[in-house]
Amino acid sequence: MSSPPLGRALAEIERHVADDGWDQSPRLYALAPTSDLVGREPALADKLGIDPAATPGGQLTPVEQELSDRSLEDVLATIAWPSTVVGCALVVERIVLPPRAEDDLPDSPDEAASWAREHPDRADVRLVVGVLRDGTRSSVLRVRGHESETDLVRDNELAPELAAALAATFAE
């Protein structure tokens, strides 16, 4: 299941995060219907540069959330979104290696991480995964060095485990 407003919000988040460059910590966003945000918080909408007259229906506004120093798994396990939040998105950066590299991967997690960072065939990626309260999922991925808008990979299931963890934040 996909949603054009969710896909647009994820692309917007990726562009925003890209302004700060690479090698960033994870970033979490609440997604609120723009029309609701404009109605409830006109001053905030004005501060964000949202023009109510030019806002198409169904548009989502990402609102960055503060993340603590705890592990991402611990943070996601404790989130309970208010009803005004219809979705959420998470930005993570990862190292991707070619399949042939798996045979040489060290057993120790610390050694494996160091080895991957130094691997000559590594690729750095920025992944933005989003889910809506109704179960809709989407994701976008950018490979470092491919910064054009047309280089953004869009898919509903790039990281199904991460999407499931985000969806669990909406469990009642």
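The values are calculated or read from the model by the stated rules, or taken from the named source; none is laboratory data. The structure presented is a predicted model; accordingly, all values stated were derived computationally and were not measured. Because the Cβ atoms are built from the backbone with ideal geometry, glycine has one as well, and the counts that use them run over all protein chains shown.
Assorted remarks:
- Any hit, the stretch 125-142, residues being of a type in the set (A, V, I, L, M, F, W, C) and surrounded by fewer than 16 Cβ atoms within 10 Å (Cβ to Cβ): no
- Of the candidates ASP121, ASP103, the single residue that is in contact (Cβ under 8 Å) with a residue 12 or more places away in the chain and surrounded by fewer than 10 Cβ atoms within 10 Å (Cβ to Cβ) is ASP121.
- Strands (runs of 3 or more DSSP E) wholly inside the stretch 1-102 containing at least 2 residues that are touching a Lys or Arg at 6+ places or on another chain (Cβ under 6 Å): 87-96
- Checking each residue in the stretch 77-107 for being modelled with pLDDT under 90 and in contact with a Leu (Cβ under 9 Å, 6 or more places away or on another chain) picks out LEU97, LEU105.
- Residue check for LEU90: in contact (Cβ under 8 Å) with a residue 40 or more places away in the chain and surrounded by 17 or more Cβ atoms within 10 Å (Cβ to Cβ): yes
- Any hit, the stretch 24-32, residues being touching a Cys at 6+ places or on another chain (Cβ under 9 Å), of a type outside the set (A, V, I, L, M, F, W, C), within 24 Å of ALA165 (Cα to Cα) and at pLDDT 95 or above: yes
- Search result, residues across the stretch 147-160 that are under 13 Å from the mean Cα position of the chain (by Cα) and assigned to a helix (DSSP H, G or I): PRO160
- Filter result for the condition that a residue is of a type outside the set (A, V, I, L, M) and either more than 27 Å from GLY87 (Cα to Cα) or out of contact with any helix residue (DSSP H, G or I) (no Cβ under 9 Å at 6 or more places or on another chain) (or both), over SER148, SER139: SER148
- The residues on offer are GLU66, GLU41, GLU73, and the sole one that is exposed (fewer than 12 other Cβ atoms within 10 Å of the Cβ), free of Cβ contacts under 8 Å to residues at least 40 places away in the same chain and either of a type in the set (Asp, Glu) or within 19 Å of ARG133 (Cβ to Cβ) (or both) is GLU66.
- So ASP134, is it over 15 Å from ARG144 (Cα atoms), assigned to a loop (DSSP other than H, G, I, E, B) and under 23 Å from the mean Cα position of the chain (by Cα): yes
- You will find that of GLY135, GLY130, GLY145, the residue that is on the phi > 0 side of the Ramachandran plot and touching a residue at least 24 places away in the same chain (Cβ under 8 Å) is GLY135 and no other.
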